[in-house]
Structures are given as structure tokens and as C-alpha cells.
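K.L.:
Structure incoming, see below.
The values are calculated or read from the model by the stated rules, or taken from the named source; none is laboratory data. Keep in mind that this is a model prediction, so the values were computed, not measured. Here the Cβ is made from the backbone with ideal geometry for all residues, glycine too, and neighbour counts use every protein chain on show.
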Amino acid sequence: MDPEWITTVLLVPCVVVLTAGFFYLYGIVVGLLSKTSVHNKVVVITDALSGLGKECAGLFHKGGARLILCGRSYEKLEELADDLANASDPTVTFSPKLVQLDFGDMDSMPEAITEILDCYGCLDILIFNSSMKVKAPAQSLSLEMDKLLMDNNYFGPATLAKGVLPFMISRRTGHLLLVNSIQGKLTVPFRTAYAASKHAVQAFFDCLRAEVEEYGICVSTINHTFISCSASENTASSRSIWSLLCTKKPLGVSPDEGATEIFKTLNSKRKEVVIAPSLPKVAIYTRSFCPNVFFAVMAAGVKNAAASERM
């Protein structure tokens, strides 16, 4: 038997095993570094009571972050803090600070911002997770509802960002991360006010990114389809383009997947992340490069939805 052939036969498995072992060890090292990257960091999470907010709170709490959890209900925030304390080792974690925060009440924002800054006197990471949704024809929405959506989805986050920026600039460090809908880049019918608010907040943070880069402040945006609450929400009953894109919604992101992506984005300092299946991503590019095609598909979808309701 050819000695070179024998050597090759023996060498290939060894190379495969060594390569697999290298990537395995690399994954462990990266995981350990990720878990320690937020240790002792002051992290603010808005709407910590949502599914994604709770997942982020649990992940960052176990990582040793100094959490400031924000939400509309102080009682529910206390329950969340108790759950976090019961599920962790108090010798290696910090008790979360709690701040009642409601973007729908703009008059309370100055007091809430002061309370957030007073918790530790500084902050390192601010995750904008809050969102208000509505689906209806434009003519049926009142101006009051339009304003409420803009307060929750745009004016609230923008006001909070402006409130903490001077302190980040003075320290020349910080990370602002916006959890935004894919409708910050893509619009579909019957979501006029919602899409408008998401476009507005996307534009705000895109502009802000360039303005604060010289101060060492990072701005990231994550655009997702929607946060699913159960596996059943990830199953579309129809396979038509319209139903996948607009009616039944494209595949959603589970809270734990979203929290993991947020963690990865903070570690890598990526500026923009889109979490979506292929179809919505194609729609984003179609809207940019072939707008007439995109508008035609949207209009056809409205007609299809109307016809289905009449049947």
C-alpha cells in the first residue's frame, strides 16, 4: 500500500478533529468574553416588562450588569426584580434599580430622566425597547392616536436620548441601541401612523450616529419583523407574497433570539442589524431600487385583502 496514501488517510481525520476542536474552543472563549463584557456596566432597558425586555434583563443581570429597568408599572417592575434576584447568585450580581417610565406621558419625562441618571450617576448602555402598535386605515385613526403613537415611538426615545447624551459626551463613551421595527425601513398598508413613527425614530438615530461618533459613542439599530410570543406565531398559514409580507406577517423573532442579537450587537458594535427572513429583505431593496414594483405589489395586496373580506 502506498505510504503517502496511508499518511493522507490518517492525516485528514486528524485535521478535521483539530479544526472542530479549534472552533469549539473559540466559541467557548467568545461566549465567556461576551458574558463579561457587560460586567459592572450600567445598562438601561426601557419597557423591561415586555417579553424582549424581560429576556434582556435576565441575560444582562446574569452577566453582572448594573441594571436600570424601566416600565409603566412600578409594581410589575418590582416583581421582575424579585424574579431576577431569585434566579441568580446575589454575590455576583447587582440588584436592579427601578424607574417608572411612560413614553406616552411626555410631561413625566424630565423627572424620569433625572431619576435614571441619579441611579449610578452615569450610564454605559441604553437599550430603547419600547413600542406602541396600531393597525387601521389612515382615515379611521384620530389625530390623538397619531400623536400618542409619535410620543411612544419617536418623541419618547428621542427625548430620553437627548437627556442622557450630555453625560455620555462628558465621559466620551456610551452605547445607544434602538430596537426598531422593520417598518422603520419598509412600509405596508394600514400602518400609516405606526410606520411614520418608526421611520422618524430610525432617521433620528441614523443622524445621531454620525453626530456623536467623535465622542466615542456608538449608536446601533436593530430592525426586526416582530417579536413573537409563541411558536404558533412563527407559522404563516398562507404562502402568497402578500400574506407573508403584510397579512399574516413574516416569521417573527422569539424574545430569547432578540435578546441574544442585542447582546451580540453591543459586543461587536455593529451599527445596523436587520433580523428578517429573505422576503422582507428583498422588499427593502425593491423599495429602494424598483419603487414602482414595490408600490404595485402593495396596492395589489390591499385589493386582495378587500376581496377576501367580501367573500
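K.L.:
Assuming Leu101 fulfils every condition listed in (1) in contact with a Leu (Cβ under 6 Å, 6 or more places away or on another chain); (2) over 28 Å from Val293 (Cα atoms) apart from one, which condition is it?
P.N.:
(1)
K.L.:
List pairs: first in the stretch 61-90 and not assigned by TED's automatic domain parsing to the domain that holds Val43, second surrounded by 14 or more Cβ atoms within 10 Å (Cβ to Cβ) and outside any helix (DSSP H, G or I), Cβ under 7 Å, 6+ apart or cross-chain?
P.N.:
none
K.L.:
Pick from Thr91, Thr114: which is at pLDDT below 95 and not basic (Lys, Arg)? Lay out the reasoning, then the answer.
P.N.:
Numbers: Thr114 fails: at pLDDT below 95.
Of Thr91, Thr114, the one residue that is at pLDDT below 95 and not basic (Lys, Arg) is Thr91.
K.L.:
Further question: Scan the stretch 39-68 for residues that are in contact with a strand residue (DSSP E or B) (Cβ under 7 Å, 6 or more places away or on another chain) and part of a loop (DSSP other than H, G, I, E, B) and jot them down. Before you say what the answer is, go through the steps one by one.
P.N.:
In the first step, residues of the stretch 39-68 are kept if they are in contact with a strand residue (DSSP E or B) (Cβ under 7 Å, 6 or more places away or on another chain); the result is 40-49, 51-53, 56-57, 60-61, 65-68.
Asn40, Lys41, Thr46, Asp47, Ala48, Leu49, Ala65 - these are the residues of the stretch 39-68 that are in contact with a strand residue (DSSP E or B) (Cβ under 7 Å, 6 or more places away or on another chain) and part of a loop (DSSP other than H, G, I, E, B).
K.L.:
Okay, next question. Among the residues of the stretch 217-233, write down those that are at pLDDT below 95, over 15 Å from Leu186 (Cβ atoms) and crowded, with 16+ Cβ neighbours inside 10 Å.
P.N.:
Ile227, Ser228
K.L.:
Sticking with this one: In the stretch 262-277, which residues are assigned to a strand (DSSP E or B) and out of contact with any helix residue (DSSP H, G or I) (no Cβ under 7 Å at 6 or more places or on another chain)?
P.N.:
If we filter the stretch 262-277 for residues that are assigned to a strand (DSSP E or B), which is where we start, we get 272-275.
Within the stretch 262-277, just Glu272 meets the criteria.
K.L.:
Let me ask something else about it. Taking Leu186 as meeting all but one of (1) closer than 28 Å to Val43 by Cα; (2) within 18 Å of the chain's Cα centre (by Cα), write down the number of the exception.
P.N.:
(1)
K.L.:
Separate question: Evaluate the stretch 111-120: report whether one residue or more is within 22 Å of Pro255 (Cβ to Cβ) and not hydroxyl-bearing (Ser, Thr, Tyr). First the steps, then the outcome.
P.N.:
Step one: list which residues in the stretch 111-120 are within 22 Å of Pro255 (Cβ to Cβ), which gives none.
Checked the stretch 111-120: no residue is within 22 Å of Pro255 (Cβ to Cβ) and not hydroxyl-bearing (Ser, Thr, Tyr).
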